[in-house]
Amino acid sequence: MFFSKRDLHFQLFEILDSESLTQYSYFQDHNRESFEMVLDAAEQISEKMLRPLLTEMDRNEPQLVDGKIRVHAGMKAIIKKFGEDGWINASFSYEEGGQQIPATVLNAAAFIFQAANYSASVYPFLTTGAANLIRTFGSSTLVETFTPKMYKGEWQGTMALTEPDAGSSLSDITTSAEPTENEHIFKIKGQKIYISCGDHDMCENVVHLMLAKIKGGPIGIKGISLFVVPQRRIRNGSLESNDVLTAGVYHKMGYKGAPIAHLMVGSNDDCLGYLLGEPHKGLSYMFQMMNEARIGVGMNATAIGTAAYYASLAYAKERPQGRKISEKDPNKPQISIINHADVKRMLLFQKSVVEGSLALLLYCSKLSDLIHVEEGEAKERANLLLDLLTPIAKSYPSEMCCLSTSAAVQILGGAGYTTDFPVEQYYREARIHPIHEGTTGIHGLDLLGRKITIQNGKATQIFFGEVSKTLVDASQISDLQPFSEKLQKSLGRAQQATSYLLGLAGKGEVEKYLADATLYLEMFGIITIAWQWLRQSVVAKQNLATAHEADQDFYQGKLMTMRYFYEYELVKVGSLVKRLQSADSVTIEMRSEWF
């Protein structure tokens, strides 16, 4: 078991009422039965094709051979399956060959794939993101040239941003675009590093969505444009080299089954890039893909954390070790380690992190669906709220699943540190996510420096309003009233810290204002997950009395995990607020020569 179908159904149908999306014309052909069929199909593919290759792809990582990256041969059938079954463009319109499946349901299916085999899952969904940019901003010629084969899985899609001297600071990229006689075609020259699936032998072409600066354009971010740069270009109906060479493949700590390439572009002055949209708007276009990818990164981390949780849970139930603290008779049989309080603590920690994160990510996915189908104020509210929650939905699971997978290893003890069990792989694979698609520090700056003040704090007001609705619902259930009060108190503390920090910004003390933005992000993340747990607990409590025995256990597990989170995690808000309101600026005053 690597995920819980029961929990997915709980999140989708009891918490989010995903079936309500079918009232909108874009989703009207769907119903709960079709949504469940999507999840079932994802489970079958995962169990039959992805899961069996989990260990093999980790042990036999990609290699660069004669200028081509060789990956696990099993990826050929997996990519083909995703293309044939329509997963790559499943959310797109019928006119584009899509199935108009809500992001809420499709992301739940992606979660299953990711929990089964993270490395294998990234190939097709990277293509989805790249194709989405082309269909959104590209000319009809670009759409017709590139997307059909991308949808079929025959051509891989990537996002090519990072360079040796420009990671988070994209304004410093040096990849250049020189105009040609055709105003839409440019000669591209430069290099890109850490490009996921940037080259491999399981497809006939790789289509890079690449950032570059048009020569003579504005400096900095305002001069960045976005180009479609295929590894091989079409000439007279056949493919030929486009002067995109693979200089190396990175050997990583985890996530080894998917190649990460170092690309040399235009070394022979013969690389053509096709301008996507208007010149100098590349970063704003790319952020569409990046924001979708950030939700995806959070989901990846959650899926890996979930698989680790269930691996450690199974071990804890089976592994006999020791006796109860109160039991002094050595003749009594040993008990399973799941009966020890400290092991329960580590299991509860994992469960609270992964199920809380999943709830938030699916909530964000529904906001994305509402943005697609709503209009006017409802659309604006969903847009603002998703914008605010994106750095949290990316960063909280990414950071916390590093800790939760560590707890999984700890539960297995020495066995967890060996390759005989999968938890050490999950631990390694989790670590990339605080780095992928913007580091945690960048997202802290984004939240505190930008998102909190959007439209004079309108997004924050909407968030507090949504939390307040849950507080009211919980306060009307006697057993949940104390938790409603705890969250209300933490929310008040967070608002005080926010006011204090905004005061620093108002006085021009910008460095002090943003120095602990990462801690602010951590505080906001804990409160957001506490809110998600209270939402789940309201529904669990309402359904508990009429539930059959198995569901009673499920709902009791939800309620106990919420209790754990409030006792062990929500209490951290107090110390974070104290730090955020401290006048001691040690990280600013510390000098580099003192290290």
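Observations on the structure shown:
- Residues of segment 435-460 satisfying the condition of being of a type outside the set (Gly, Ala, Ser), open to solvent by 30 Å² or more (accessible area, probe 1.4 Å), in contact (Cβ under 8 Å) with a residue 24 or more places away in the chain and part of a helix (DSSP H, G or I): 442, 445, 453, 454, 455, 458
- Any chance residue 381 is in contact with a Cys (Cβ under 7 Å, 6 or more places away or on another chain), open to solvent by 40 Å² or more (accessible area, probe 1.4 Å) and of a type outside the set (A, V, I, L, M): no
- Complete set of residues in segment 293-317 that are hydroxyl-bearing (Ser, Thr, Tyr) and touching a helix residue (DSSP H, G or I) at 6+ places or on another chain (Cβ under 7 Å): 302, 306, 309, 312, 315
- Contact annotation: residue pairs with Cβ atoms under 7 Å, 6 or more positions apart or on different chains, pairing a residue in segment 334-348 that is hydroxyl-bearing (Ser, Thr, Tyr) with a partner that is assigned to a helix (DSSP H, G or I), are 336/316; 336/317; 336/318.
- Selection within segment 70-105 - more than 21 Å from the chain's Cα centre (by Cα) and of a type in the set (A, V, I, L, M, F, W, C): 71, 73, 75, 77, 78
- Total residues in segment 406-434, condition surrounded by 24 or more Cβ atoms within 10 Å (Cβ to Cβ), of a type outside the set (Gly, Ala, Ser) and under 16 Å from the mean Cα position of the chain (by Cα): 3
- Residue in segment 181-203 that is open to solvent by 30 Å² or more (accessible area, probe 1.4 Å) and among the small types (Gly, Ala, Ser) present: no
- From the list 56, 33, the one residue that fits, being among the acidic types (Asp, Glu), closer than 30 Å to residue 246 by Cβ, open to solvent by 70 Å² or more (accessible area, probe 1.4 Å) and in a helix (DSSP H, G or I), is 56.
- Residues being among the polar types (S, T, N, Q), outside any strand (DSSP E or B) and out of contact with any strand residue (DSSP E or B) (no Cβ under 7 Å at 6 or more places or on another chain) - total across segment 228-266: 1
- Scanning segment 247-288 for residues that are within 20 Å of the chain's Cα centre (by Cα), open to solvent by less than 30 Å² (accessible area, probe 1.4 Å) and under 30 Å from residue 55 (Cα atoms) yields 254, 255, 257, 258, 259, 260.
- Residue ID - farthest from residue 541 (Cα to Cα), chosen from residues in segment 461-484 that are small (Gly, Ala, Ser) and without any contact (Cβ under 8 Å) to a residue 24 or more places away in the chain: 465
- Every pair of residues 6+ apart whose Cβ atoms lie under 7 Å, when the first sits in segment 156-171 and is part of a helix (DSSP H, G or I) while the second is polar (S, T, N, Q) and open to solvent by 20 Å² or more (accessible area, probe 1.4 Å): none
- Of 483, 463, all but one fail to be in a helix (DSSP H, G or I), farther than 30 Å from residue 377 by Cβ, open to solvent by less than 40 Å² (accessible area, probe 1.4 Å) and at pLDDT 95 or above; the exception is 483.
- The combined condition, being on the phi > 0 side of the Ramachandran plot and surrounded by fewer than 22 Cβ atoms within 10 Å (Cβ to Cβ), is not fulfilled by residue 74.
- Qualifying residue in segment 530-541 (condition: in a helix (DSSP H, G or I) and more than 26 Å from residue 401 (Cα to Cα)): yes
- Leading residue by the ranking (nearest to residue 286 (Cα to Cα)) among those in segment 226-236 that are over 25 Å from the mean Cα position of the chain (by Cα) and open to solvent by less than 40 Å² (accessible area, probe 1.4 Å): 229
- Residue selected from segment 556-595 under the condition under 27 Å from residue 352 (Cβ atoms) and among the basic types (Lys, Arg), by the criterion surrounded by the most Cβ atoms within 10 Å (Cβ to Cβ): 558
- Residue match in segment 304-312 (condition: within 30 Å of residue 124 (Cα to Cα) and open to solvent by 20 Å² or more (accessible area, probe 1.4 Å)): yes
- Residue match in segment 363-374 (condition: modelled with pLDDT of 95 or more, outside any helix (DSSP H, G or I) and under 29 Å from residue 25 (Cβ atoms)): yes
- If you check 327, 355 for being open to solvent by less than 80 Å² (accessible area, probe 1.4 Å), of a type outside the set (A, V, I, L, M, F, W, C) and not in a helix (DSSP H, G or I), only one passes: 327.
The values are calculated or read from the model by the stated rules, or taken from the named source; none is laboratory data. As the structure is a prediction and not an experimental result, all values here were calculated from the model. Heads up, the Cβs are rebuilt from the backbone with ideal geometry, glycines too, and the neighbour counts pull from every protein chain shown. SASA here: full protein model, heavy atoms, side chains in, ligands and nucleic acids out. Shrake-Rupley method; radii C 1.70, N 1.55, O 1.52, S 1.80 Å.
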